[in-house]
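Peer 1: First the structure, then my questions, so here it is.
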Amino acid sequence: MGKARAWEGQEDARPLLPLELHGAEARVRGKRLLGPVDLTIGRTGTTIVMGPNGSGKTTLLRLMHGLQRLSAGTIRWNIPRAQARERQAYVFQAPIMMRRSVVDSIAYPLILRGMNRRQARARAADWADRVGLGAALHRPAQVLSGGEKQKLALARALILQPEILFLDEPCANLDGRAMREIEAILLDARAGGTRIVMATHDMGQARRLASEIIFLYAGRIHETAEAGAFFARPATAEAAAFINGEIVE
Amino acid sequence: MDGILEGFSQALKLIVTFDPDLYEIIAMSLRVTLTAVIVASLIGLPLGAWLAVNRFRHRRLTIAVLNALMGLPPVVVGLFVYLLLSRAGPLGVLGLLFTPTAMIIAQVIIITPLIASIAHQAIRDLWAEYHDLLISMNASRAQRIRTLLWDGRRALLTAMLAGFGRAIGEVGAIMIVGGSIEHSTRVLTTAIALETSKGNLEFALGLGFVLIALAVAVNLTIHTLSGTERASTW
Ligand SMILES: Nc1ncnc2c1ncn2[C@@H]1O[C@H](COP(=O)(O)OP(=O)(O)OP(=O)(O)O)[C@@H](O)[C@H]1O
Ligand SMILES: [Mg+2]
């Protein structure tokens, strides 16, 4: 029964954050993909993870969310690990679409938490409206366009009102207008207390949303900086080149 | 040529005039096969799903054995069940030999590996697709299996239909354990064999038409189902 109410966030009064990584490493078959990483995700702000393709952005987000096995070091939430997962949400780089209708897909996490189907559907319909899928409620999720799938994934993540939301390039397939709409929703969520950690390649989006930038390069944190400072005076040559849109190898 | 045409018209006449012998055989076939499909599905579908989402020792071996069992020659299964159920056999006291139940047992043994194997493949693919999402959403083990079975329901139905197709056309095993006794254990396939050997060609043809119609219907349904699956709807 305790679980049925988890989506209301009443389980553990302590805040989920800060999240602390010490010497965290991800290896696959001996090969190091990321790390060692030392990092703190504080209670406030918006963290944007940047870096060239293959620099480890996805790996870092998955590591923090617990989807990527930690090979060395520690990752510590402010509350016990077992309770941390259900207060987080994650939007994948390649949206995962269930074989269900749009409304049932968005309602799915609520149903997992024990909410009754009718109530969950009503809430899901609200969220579908908010992300611009109000007209597609009963369409199979798998036939949505790339951008619509990303919107669905966002609604499905936010419906639980997570304390922290990880987003892996959530706007990669969106046109300018959809991107602005999504950014407005993210700002709303932030105002409602959701901490945002997002990987993006979009420099404009990073400037608009970030309070803090993590710049990854070859699997290491090359630079962590307050957003204004990062864009005005990047500390490393690679970051400077990346900001200027030059090719960083 | 005339003989064949004559046979065709005789066969059609038997079908449209609801020949009682013909329909008795059809009913027995459906009863045996449908029961076998239901029992085999109750075993095979959860087994396939379980194999797909659980890691355990000898998992690969179990799956290899399952796939090998799909190739079991039905005649050998028939012989095995015959030995089990014959008067001198370990289950002889039940007196099941030459009854519909014996035929159902043989068919369950033949199609359970097939159903489990198809279900396993489908659920395994779906699990690979859903894995990160379900883990991220903190779904419990039971919730994961329920979600996979529900979202994979089309593939599971395909597995059942494949089992039906195999069982309805099977002749070797049920001939051995059922004996094709008139008004008792005679089914479509064994009746065709018998009537043909007796020279009763139009009756055999009538049965053949029904069998073909059933097989075509099942395959069309499978095709439609897997077609929509591929088109990414559900
Ligand atoms: N399971 C894996 N096995 C082997 N290598 C992997 C695995 N997962 C990721 N990698 C490698 O780790 C590196 C970092 O990958 P990651 O997906 O984190 O990059 P990214 O910064 O998200 O890139 P992109 O901008 O293209 O999304 C890449 O070189 C990738 O090939
Ligand atoms: Mg990535």
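Peer 1: Show me the ranking of peptides B:204-217, A:71-84 by mean Cβ neighbours inside 10 Å, starting with the highest.
Peer 2: Descending packing order for the listed peptides: B:204-217, A:71-84.
Peer 1: Could you please state how large a percent of the accessible area of chain A is carbon and sulfur, counting protein chains only and using a 1.4 Å probe?
Peer 2: After summing per-atom areas, the C and S share lands at 47 percent.
Peer 1: Quantify how strongly other chains surround peptide B:135-143 by giving the mean number of their Cβ atoms within 10 Å of each of its Cβ atoms.
Peer 2: Going residue by residue through B:135-143 and averaging, the value is 6.
Peer 1: Bins of 10 Å, beginning at zero and ending with the bin holding the largest distance: percent of Cα pairs per bin for the stretch A:104-249, please.
Peer 2: Whole-percent P(r) values from 0 Å outward: 10, 36, 30, 16, 7, 0.
Peer 1: Out of A:PHE166, A:ALA135, A:ALA82, whose Cα points farthest toward the positive end of the dipole of chain A (charges: +1 Lys, Arg; -1 Asp, Glu; placed on Cβ)?
Peer 2: A:ALA82
Peer 1: How big is the charge dipole of the protein assembly as shown about its Cα centre, in debye rounded to the nearest 20, if each Lys and Arg gets +1 on its Cβ and each Asp and Glu gets -1 on its Cβ?
Peer 2: 1480
Peer 1: From other protein chains only, count the Cβ atoms within 10 Å of every residue's Cβ in A:128-134, then give the mean.
Peer 2: Mean partner shielding for this stretch: 0.
Peer 1: So how much slack lies between A:SER211 and A:GLU246, counting 0.36 nm per residue of separation and subtracting their Cα-Cα distance, in nm?
Peer 2: 10.3 nm
Peer 1: If you don't mind, there's one more thing I want to ask. What is the set of long-range amide H partners of A:VAL49 at a cut-off below 5 Å, with H atoms built 1.01 Å from backbone N?
Peer 2: Excluding prolines and chain starts, which carry no amide H, the hits are A:MET198, A:ALA199, A:THR200, A:ILE214.
Peer 1: Can you tell me what share of the DSSP beta bridges in chain A is antiparallel? A percent to the nearest 5 is fine.
Peer 2: Bridges in chain A that DSSP calls antiparallel: roughly 50 percent.
Peer 1: Compute the distance in nm between two label points, each set 7 Å from the Cα along the Cα-to-Cβ direction, one at B:SER86 and one at A:GLU181.
Peer 2: According to this spin-label approximation, the distance is 7.4 nm.
Peer 1: Provide the descending list of Cα extents for the stretch A:173-244 along its principal axes, expressed in whole angstroms.
Peer 2: 34, 27, 24
Peer 1: Can you give the Rg/Rh ratio of the stretch B:20-224, where Rg is from the C-alpha atoms and Rh is the Kirkwood radius?
Peer 2: 1.05
Peer 1: Further question: With equal scatterers on the alpha carbons only and no solvent term, can you work out the Debye log10 of I(q)/I(0) for chain A at 0.10 1/Å?
Peer 2: Once normalised to I(0) and log-transformed, intensities are -0.49.
Peer 1: Between the alpha-carbon centers of the stretch B:1-77 and the stretch A:198-249, tell me the distance in whole angstrom.
Peer 2: Cα centroid of the stretch B:1-77 versus Cα centroid of the stretch A:198-249: 63 Å apart.
Peer 1: Okay, next question. If the protein assembly as shown were replaced by its equivalent ellipsoid, with semi-axes equal to the square roots of 5 times the Cα gyration tensor eigenvalues, what would those be, largest first, whole Å?
Peer 2: Here the semi-axes work out to 61, 24, 20 Å.
Peer 1: Given contacts defined as C-alpha pairs under 8 Å and at least six residues apart, what's the relative contact order of the stretch A:28-111, whole-number percent?
Peer 2: It comes to 20 percent, rounded to a whole number.
The values are calculated or read from the model by the stated rules, or taken from the named source; none is laboratory data. Keep in mind it's a predicted model, so treat the numbers as computed, not measured. In this analysis, Cβ positions are derived from the backbone assuming ideal geometry, glycine residues included, and neighbour counts consider all displayed protein chains. Only protein heavy atoms, including side chains, enter the accessible area calculation; ligands, DNA and RNA are left aside. Shrake-Rupley method; radii C 1.70, N 1.55, O 1.52, S 1.80 Å.
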